[in-house]
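Notes follow once the structure below has been shown.
Quick note: the coordinates plus some simple rules give every number you see, no bench work behind them. If you're wondering where the values come from, they're calculated on a predicted model, not measured in any experiment. Quick reminder, even Gly has a Cβ in these numbers, built from the backbone with ideal geometry, and neighbours come from all protein chains shown.
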C-alpha cells in the first residue's frame, strides 16, 4: 500500500514538473524572438509579414497562444516545424535514438572507468595511486569539453588517422564523441565513488566484518560498495539525464546527428515547435530516469523500504 | 580463525564473489551489447575514398528538397543545383544564360516565351517539355504551397504554345524575371502526380546531372550521377554532402581526407590549408555585402546626429575599411563604395569609395555642429552571414572613437538581431548584410519604403519612383541606367557605411579539380579528378 501511494505521488510530481517545463519553455521562447522574420524573403512587404505571423498563429495574445498550445500538447501534437512543415514531435523522435546511443556508450564508459578507479583510489588512499587518480580527475574536470573534443580529433583523427573526425559510422565513430562526453561526468563520479567508499570503509560494521575474518575483496563487494551505492546510483542517474539533454556541444563538434544538434539548429532558426518538442522530450526522459533511480534505491537499500 | 569458520566463509564468499562479478560483467556486457545493436550505419568512413566519389562538408542541413515549399540558399547550392534544372543558368561570374531554355523573347512586357531544348528527360524517364513547365508553375501557384505568396505576386500563369514552347505571363512587367527563374526549377508532372507531395519530398526527382539517393537528416545527403544527362554524363559517380556545422570539424575532416571540399571556411584557416600539400584554397567573390545602416530615428535615441549628411560622411571617412579587410579578414574581401557589388547587374564602377581620412572626418563633424563628437549606439550580430562580425564591429567602433565619437556597442545573437531589426528596435548604426545578383534585389529591399526591411536616411519618393520603374521595365538597358542613377543617389545621400563584399572560401583536396564560383554553389558536374 505504501508503495502504491509513493509511486502515485512520484508520478503526479513528475507530471507537474513536465507541465512546468512546458509553460517555461513556451513563455521564454515567445518573449525572446520572432520566427516570422526568418521566413521572409528580401522582397517581403509589411502585408506579407503580417500574413506570415497570422499563419503561424503568432499574432494572437500570449494566453490564447498558450491555450491552443496546451490543448494540442495533451493530444501529443506539438505542431509542425516551421523549418520543415513536418510534425515537430516526429522530427525530434527521429533524432533522439542517435543521442541515446551516444549517451548509452558514454554511460558504459563512465561506469567502466569511474567505479574501479574510484574504488582503487579509496582503497589505496594516500598512496601514489590515489594521488595520480585524483589529479587526473581534477584536470579532466577543469578542461572544457569542447576543447578536449577538438584536441582529440586533431590528434587521433588528423594526426594519426586512427579514428574518423566526425559523423556516424561504425564503432570507430563513437569513440571520440563518447569519450569527450563522458569525461566530466567521469571525473565527478570517480571522486564521488572515492569519497563515498572512504566514508563507508570507516564505518563500524566494516570493522566488525574484518573482525569476523571476512577477506578484504569480499568486504568491499558485499558491504562497502553496496552501501556506497545509493549516492553513486543517484549521480549516475542524474548524469544520464545530463548526457541525454546536454550532448549539444559534443554533437555539434562531431557532427553527430542527434537531438542536441537538432536543438541547436532549431534555436538558431527560432523553430518554436521543434524547440518545445525537444525540451519536453528531454524533460520527460529525465523525469522518468529520476523516477527509476528512486525506485532503484528501494531495491538497493532495505532501510528505505521500511520507512 | 577456526577451520569451521573458514570453511563457512569460503563457500559463501566464493559464490558471492562469482555472482557479483558475473552480475557486474553481465550488466556491462548487456549494456554494451544493447548499445551496439541499436540501428546505426555500420559502414566506416575512415577508409580513403576512390576518385569515383566525393564528399563535401556543408554548414547547414538540407531543409526542403521541394522548391514549392521554400528557398534556402544552402538547399539551392547543394541539392537543387545538382538534382534540378532551371530555364536559365548562371556562369562562373553570375551572369545569366540559356539552359533548359535555348532562347526566349518578350512579345509584350508581361509575356515571356521560352523555346526549350528537346533532349531533356527527368530521372524517371519523363520528357521535359512545355507541359512539364506548365505543370511546374501551376504547382508553384497552388495556394496551399508555402511559396505561393512570393511567386503569385510575380507570375500569373503559364501557357503551352507547342510541345517545346512555353509562355510565362507575369502580373506586371517585371524587369528581373529571369533572375527569379533561378529559384524555380522545373519538376516532373507524371512523377509528382504519382507519388504526391509527400512522396516527392521524400524522394525528389529532377532532370539534373545528379539523382537523389538518400537524405538522413542532420547527417548527410547522397547523390549519384545521372548517366543520361542531356549536357553530358558527369565524371564523379557519387557525391555526399555531410552536415558539419562546426568550423573545426570541417577543417579536421578536410585535413584527414574525409571530405574533399569544405564550404564556408574562415579567413584564418587559409594559412593552415595552404601549408598542407594535399590541400588548397579556392575563393570566389560573393555578391554578399557587409555594411552598417544609418537609422537616425532609432528608439535608442542617440541617432539624431546621423540625420545630418555631413555626419554620415564623417563616419565613412573615419573608418579604415582597407585595414579591416587586411587584418581581420586576411585580405579575403573586396571593398565596396556604395551598397552595390560588381557582380550585380548594373554596377557602376566609376563611383569612388569615401577615402579613409580621420582629419576630414573631424572637420566634417565640427562643421555639422559636433566639434567634440557625440555618443552613438552601435549594434552587431554575433553570427549569421557576416564573417567575424564582432571583431569588425570593434574595429569600426575604435575608428569612430578616434575621431571623437563615443561608441556603445551591443552584440546580439543573429536570430534575435533579425527580430530587433524587423521591429525597428535597433541602434542608430547597425550592421547588416545583403546579397543579390540583380540590383532590384538589393535596392528594393533596402530602399523602397514599402519593403519590410526599409531603412534609408535621406530617402525621398524619387527613390521609390526609380525602383518601381526598373522593376516593371523589361528593357535591360533602361534598367541598367536606372541602377546607375540609384547608385549615384547612394553616393550622394550616404545612407550607409558600406564595408566590403565577402569572399566565399573553400578548402579543396588536391586530388580533385574544382574551383569556387560566385554564389557559392557546389556544381558537381564541374568536378573532375586532378
> When the label point is put 7 Å from the Cα of residue B:367 along its Cα-to-beta-carbon vector, which residues of the stretch B:309-333 have a backbone N closer than 18 Å?
Replying inline: B:309-319
> To the nearest 10 degrees, how steep is helix A:226-246 against the longest Cα principal axis of chain A, on a 0 to 90 scale?
Replying inline: 20
> What is chain A by shape, rounded, prolate or oblate, if you read a ≥ b ≥ c off the alpha carbon gyration tensor as root eigenvalues and call it rounded for a/c under 1.5, prolate for a/b larger than b/c, and oblate otherwise?
Replying inline: oblate
>> If you wrap a convex hull around the alpha carbons of the protein assembly as shown, what volume per residue comes out, as a whole number of Å³?
In response: 202
> What value, in deg cm²/dmol to 500, does the helix sum -39500 (n - 2.57) over DSSP H runs of n ≥ 4 give at 222 nm once divided by the residues of chain B?
Replying inline: -10000 deg cm²/dmol
> Nearest 0.05, what FRET efficiency do residue B:356 and residue A:58 give at R0 = 41 Å with Cβ-Cβ as r?
Replying inline: 0.40
>> Given R₀ = 45 Å, what would the calculated FRET efficiency be for residue B:198 paired with residue B:349, taking r from the Cβ atoms and rounding to 0.05?
In response: 0.35
>> Using a 10 Å cut-off around each Cβ, can you sort A:171, A:3, B:215 from fewest to most neighbouring Cβ atoms?
In response: A:3, A:171, B:215
> Say a paramagnetic label sat at a point 7 Å from the Cα of residue B:476, along Cα to Cβ; which residues of the stretch B:398-442 have their backbone N under 15 Å from it?
Replying inline: B:437-440
>> Report the gain in length on full extension from residue A:203 to residue A:160: 0.36 nm times residue separation, minus Cα-Cα distance, nm rounded to one decimal.
In response: 10.6 nm
> Out of the DSSP beta bridges found with both residues in the protein assembly as shown, what percent are antiparallel (nearest 5)?
Replying inline: 75
> Using helices alone, what [θ] at 222 nm do you get for chain A, with -39,500 (n - 2.57) per DSSP H run of 4 or more residues, divided over all residues and rounded to the nearest 500?
Replying inline: -24500 deg cm²/dmol
>> Is the C-alpha gyration tensor of chain B telling us rounded, prolate or oblate? Criteria: a/c under 1.5 is rounded; beyond that, a/b larger than b/c is prolate, otherwise oblate.
In response: oblate
>> Using a Förster radius of 51 Å, what is the FRET efficiency between residue A:238 and residue B:330 based on their Cβ-Cβ separation? Nearest 0.05, please.
In response: 0.70
> Does anyone have the angle between helix B:461-471 and the longest principal axis of chain B? Alpha-carbon axes, 0 to 90°, nearest 10?
Replying inline: 60
> In percent, what relative contact order does chain B have, based on Cα pairs under 8 Å that are 6 or more apart in sequence?
Replying inline: 19
>> Quick check of the Kirkwood formula: for the stretch B:158-259, what is the inverse mean of 1/r over all pairs of different Cα atoms, in Å?
In response: 17.2
> If you count the DSSP beta bridges with both ends in chain B, what percent of them are antiparallel, to the nearest 5?
Replying inline: 75
>> Which residue fluctuates most in the GNM of chain A (Cα springs below 10 Å): A:162, A:186, A:256?
In response: A:162
>> Between helix B:189-202 and chain B, what is the angle of the helix's C-alpha long axis to the longest principal axis, kept within 0 to 90° and rounded to the nearest 10?
In response: 70
>> What distance in nm separates the two pseudo spin-label positions at residue B:375 and residue B:391, each 7 Å out from Cα along the beta-carbon direction?
In response: 3.0
